[in-house]
Amino acid sequence: MKFTYKALKADNTSVSGTIDAADRTAAMSSLNRQGLHPLTVKAGGDRMAMGGSFSFGKKVKTTDLVIFTRQFSTMISAGVPLARGLSTLQESPSTPYFRKVLADITKDIENGTQLADAFAKFPDVFDDVFVNMVRAGEEGGILDEILKRLALQVELNATIKKKVKGAMTYPTVILSVTVIAFFGIMLVIMPKIGKIFTELGGPGAKLPLQTRVLLGFSHICQKYSFIVIPVIAAICYGIGRYIKTPRGKYQFHSLMLRTPVVKIIITKVAIARFSRTFSSLMAAGVGVLDSLAVTGGAIGNKVIEEELARAAIEVKNGRQLSEVLGESPHFPRIVSQMLAVGEETGKTDVVLVKVADFYEEEVATTIDSIASIIEPVMIVFMGGGVGLIAASVMGPIANLSTQIH
């Protein structure tokens, strides 16, 4: 069975790859024998290991995950054994897949598997940050506190995602309707209007430039739609597949960080995630280098993730993290300054929580501001398009009608 892994070498540099092993435990043992400290080990077949009946609908609601985390934390605080607590919570989630996941995890715990290792078998439910924080909680004996932090973190991340999706819903719907309506006009209405022009003014009728452009485009859409539509679909599919590759994802994320307005939101979201995740890991007793490795993967942007990987190397060489981030083009000076205060006072986790709170509020404010601007801009955009089409159609008809009389 093939496993993908992310680990640290003896010099604390990050390495990733694949390894063949009988099971996950054997894979981790093999990595340890190679002198590697595994951070994440995921089975390549995990997504199909649940059985064919669960190949669809593997989406776990954020609400279910938050409620489970909070309830599990309360049970652990009350001294309830892990297996019994998991067994009790199995029927709580509304998603059948999540109930199946908890049942499998309960069996693993009863067979002696560590909780973090059991969670790691389901990366589509429990991400690297969740797994590594649980592992730190198990090792430090503060699992209940870690789960409370995780519940809060999952809630805050979900809130940011909802705000971003909410802001994008209106322009996406309007743009989709506009594109569909435009091609409908080009394929159905413009050919009929072209016949009217021919009947009124004859084949040699002089038409305005914008009218000739629309009629020409309509002709192309009619004649070559069976070629153009599949080609456009294939290009979109190819771009989507390429973006999912490591190189494509890096280039796409780099483009997003250079796009006006979008880069502001992405940067603030990334800083908020970095601050809260890094703070939680540090509070759980995870080392700085391990925390940077895990946090980089949780940010959601490959460019900044690579930047943190380079920062980890600089920290390994003796530099302060605040000093390294102060040279970053993506981390504002306030982050490095606050981090420096945390390093000096020994309260890095406390300081970064305040940074996270600040940037999460900034994200909410920025998204609300952009959302309030998008609506009038889209209305002007649509109005301009309708006006252009109307002028291109009605103007020539009026002129040709006048010439006939």
message: Placing unit charges on C-beta atoms (Lys and Arg positive, Asp and Glu negative, everything else neutral), compute the dipole magnitude of the chain about its Cα centre in debye, rounded to 20.
response: 1500 debye
query: For region 251-340, what Kirkwood radius comes out of the mean inverse Cα-Cα distance, in Å?
result: 13.2 Å
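What share of Cα pairs, in percent, lie more than 18 angstrom apart in region 75-174? Present the calculation step by step, with values, prior to reporting the outcome.
Details: 2775 of 4950 pairs.
Counting every Cα pair in region 75-174, those more than 18 Å apart make up 56 percent.
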message: Suppose the chain between residue 90 and residue 9 were pulled fully straight at 0.36 nm per residue; how much longer would it get relative to their current alpha carbon spacing?
response: 25.4 nm
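Can you check how the C-alpha radius of gyration of region 254-295 compares to 2.2 N^0.38 Å, as a plain ratio? Write down the numbers at each step before the final one.
On the way: Rg = 12.9 Å, N = 42, 2.2 N^0.38 = 9.1 Å.
In units of the globular-protein estimate, region 254-295 measures up at 1.42.
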statement: Per GNM of the chain with C-alpha springs under 10 angstrom, the most fluctuating residue out of 219, 253, 37 is 219
statement: The Cα extents of the chain along the principal axes, largest first and rounded to whole Å, are 94, 51, 40
query: Can you work out D for region 136-266 in µm² s⁻¹ from Stokes-Einstein, where Rh is the Kirkwood radius over C-alpha pairs, the temperature is 10 °C and the viscosity is 1.306 mPa s?
result: 79 µm²/s
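Quick one: if the Förster radius is 30 Å, what FRET efficiency do residue 192 and residue 235 give, using the C-beta to C-beta distance and rounding to 0.05? List each step's numbers first, then the result.
On the way: r = 30 Å, r/R0 = 1.00.
Here the calculated transfer efficiency is 0.50.
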query: For region 155-405, with the dipole built from +1 on Lys and Arg beta-carbon atoms and -1 on Asp and Glu ones, taken about the Cα centre, which of 188, 339, 243 lies farthest toward the positive end?
result: 188
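To the nearest 0.05, what FRET efficiency results for residue 247 and residue 37 with a Förster distance of 22 Å applied to their C-beta separation? Working shown, then result.
Working: r = 27 Å, r/R0 = 1.23.
After rounding to 0.05, the efficiency reads 0.25.
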- line: Sequence order, region 176-184: Karplus ³J(HN,Hα) from phi using 6.51 cos²θ - 1.76 cosθ + 1.60, θ = phi - 60°, Hz rounded, Gly and Pro as x, gives 5, 4, 4, 5, 4, 5, 4, 5, x
field: Solution diffusion estimate, µm²/s, Stokes-Einstein, region 297-397, Kirkwood Rh from C-alpha pairs, 25 °C, viscosity 0.890 mPa s
entry: 141 µm²/s
field: Inter-part distance where region 353-401 and region 127-178 are each reduced to a Cα centre, Å
entry: 29 Å
field: Residue among 209, 65, 339 with the largest mean-square fluctuation in a Gaussian network model of the chain, springs linking Cα atoms under 10 Å
entry: 209
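If contacts are Cα pairs under 8 angstrom and at least 6 residues apart, what is the relative contact order of region 137-293 in percent? Please report the intermediate quantities before stating the final value.
Values: 50 pairs, mean separation 41.6, N = 157.
With pairs under 8 Å counted, the relative contact order is 26 percent.
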message: Give me the percent relative contact order of the chain, please, defined on Cα pairs under 8 angstrom at least 6 residues apart.
response: 14 percent
message: Which order do the peptides 68-77, 110-119 come out in when sorted by mean C-beta neighbours inside 10 angstrom, highest first?
response: 68-77, 110-119
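Please work out how much length the chain gains when fully extended from residue 25 to residue 368, using 0.36 nm per residue of separation minus the C-alpha to C-alpha distance, in nm with one decimal.
Values: separation 343, 0.36 × 343 = 123.48 nm, distance 4.70 nm.
That pair, residue 25 and residue 368, stretches by 118.8 nm at full extension.
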message: Given all pairs of different Cα atoms, what value in angstroms does the Kirkwood hydrodynamic radius of region 209-289 take?
response: 17.1 Å
statement: Applied in sequence order to region 322-331, the curve 6.51 cos²θ - 1.76 cosθ + 1.60 (Karplus, θ = phi - 60°) yields integer Hz couplings, x standing for Gly and Pro, of 4, 5, 5, 5, x, 9, 6, x, 10, 9
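Rounded to the nearest 0.05, what FRET efficiency is calculated for residue 222 and residue 263 with R0 set to 41 Å and r the Cβ-Cβ distance?
Computed FRET efficiency for residue 222 and residue 263 comes out at 0.55.
For region 289-356, what is the Kirkwood estimate of the hydrodynamic radius, computed as the reciprocal of the mean inverse distance between distinct Cα atoms, to one decimal in Å? Could you put the intermediate results ahead of the total?
Details: mean 1/r = 0.0826 Å⁻¹.
It is 12.1 Å.
Using only the alpha carbons of region 138-193, what is the convex hull's orientation-averaged projected area in square nanometres?
On the way: hull surface 22.8 nm².
Value for region 138-193: 5.7 nm².
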field: Of the GluC sites (Glu not before Pro) in region 327-361, those whose Cβ has at most 14 other Cβ within 10 Å and which sit in DSSP loop
entry: 327
- prompt: To the nearest 20 debye, what charge dipole does region 269-363 have about its Cα centre, counting +1 at the Cβ of each Lys and Arg and -1 at the Cβ of each Asp and Glu?
  reply: 120 debye
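No value in this document is a laboratory result; all are computed from the given coordinates. Here the structure is a predicted model, which means the values were calculated and not measured. All Cβ positions, even for glycine, are placed from backbone atoms using ideal geometry, and neighbour counts span all protein chains on display.
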